[in-house]
Amino acid sequence: MKVPKTIQIGAHTFTVWLSRNVADYDGLNGDAHFIHQKIRVWSKLPPTRRLECLIHEVLHVGCKVFAGRESVTETLLDGLGEAFAQVLTHLGLELDWSDIPEEE
Ligand SMILES: [Zn+2]
């Protein structure tokens, strides 16, 4: 399945990017900018980690849009991202990132 260039979350359309520079040494592998409506995933992650990271970032936005919560813990979203990634991978989902641009 091709990763969509945009993801609709509530009334908002977020663009999806791969990034070489989004990661840090504290375990950050991606981020979601609500104002810029942009989700970035670290380009160096292996496929299943990219999937988990994308889900994690979508959940960040979803918690804000649908539940009005910005204070959801990273631990919770890490666990949910991992759970969804496990199920989707087990169902045979493989993401094709070839349409996703990489920012500098
Ligand atoms: Zn997070």
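Once you sort the root eigenvalues of the Cα gyration tensor of region 62-104 as a ≥ b ≥ c, which label holds: rounded (a/c under 1.5), prolate (a/b larger than b/c) or oblate (the other case)?
Numbers: a/c = 2.39, a/b = 1.33, b/c = 1.80.
In terms of gyration-tensor shape, oblate.
For region 4-58, which trypsin sites (Lys or Arg not before Pro) pass both filters: DSSP loop (anything but H, G, I, E, B) and at most 14 other C-beta atoms within 10 Å?
Numbers: sites: Lys5, Arg20, Lys38, Arg40, Lys44, Arg49, Arg50; in loops: Lys5, Arg20, Lys44.
Filter output for region 4-58: Lys5, Arg20, Lys44.
From Cα pairs below 8 angstrom and at least 6 apart in sequence, can you work out the relative contact order of the chain, rounded to a whole percent? So the answer I get is 35 percent. Modelled label positions at Leu76 and Asp96, each set 7 Å beyond Cα in the direction of Cβ, lie 3.6 nm from each other. For region 34-43, 3J(HN,Hα) computed residue by residue from phi via the Karplus equation (6.51, -1.76, 1.60; θ = phi - 60°) reads 5, 5, 8, 6, 9, 10, 10, 10, 4, 5 Hz, glycine and proline entered as x. Each Lys or Arg adds one and each Asp or Glu subtracts one; over the other residues with Cβ under 14 Å from the Cβ of Leu18, this totals +1.
Excluding Val58 itself, what net charge comes from residues whose Cβ is under 13 Å from its Cβ, given Lys and Arg +1 and Asp and Glu -1? Mind dumping the intermediate values first?
Values: positive: Lys38, Arg40, Arg50, Lys64; negative: Asp31, Glu52, Glu57.
In short, +1.
Among residues other than Gly81 with Cβ under 12 Å from its Cβ, the summed charge is -3 (Lys and Arg +1, Asp and Glu -1). The GluC sites (Glu not before Pro) of region 2-79 meeting both criteria, a DSSP state outside H, G, I, E and B (loop) and at most 12 other C-beta atoms within 10 angstrom of the site's C-beta, are Glu70.
Using only the Cα atoms, work out Rg/Rh for region 6-103, with Rh taken as the Kirkwood radius, to two decimals. List each step's numbers first, then the result.
Working: Rg = 12.8 Å, Rh = 13.6 Å.
Rg/Rh: 0.94.
Among His60, His90, His12, which one shows the highest mean-square fluctuation when the chain is modelled as a Gaussian network with alpha-carbon springs under 10 Å? In the Gaussian network model the winner is His90.
Values in this text are rule-based calculations from the coordinates and carry no lab data. Owing to the predicted nature of the structure, the values given are computational and were not obtained by experimental measurement. When we count neighbours, we look across all protein chains shown, and the Cβ atoms used for this are built from the backbone with ideal geometry, even at glycine.
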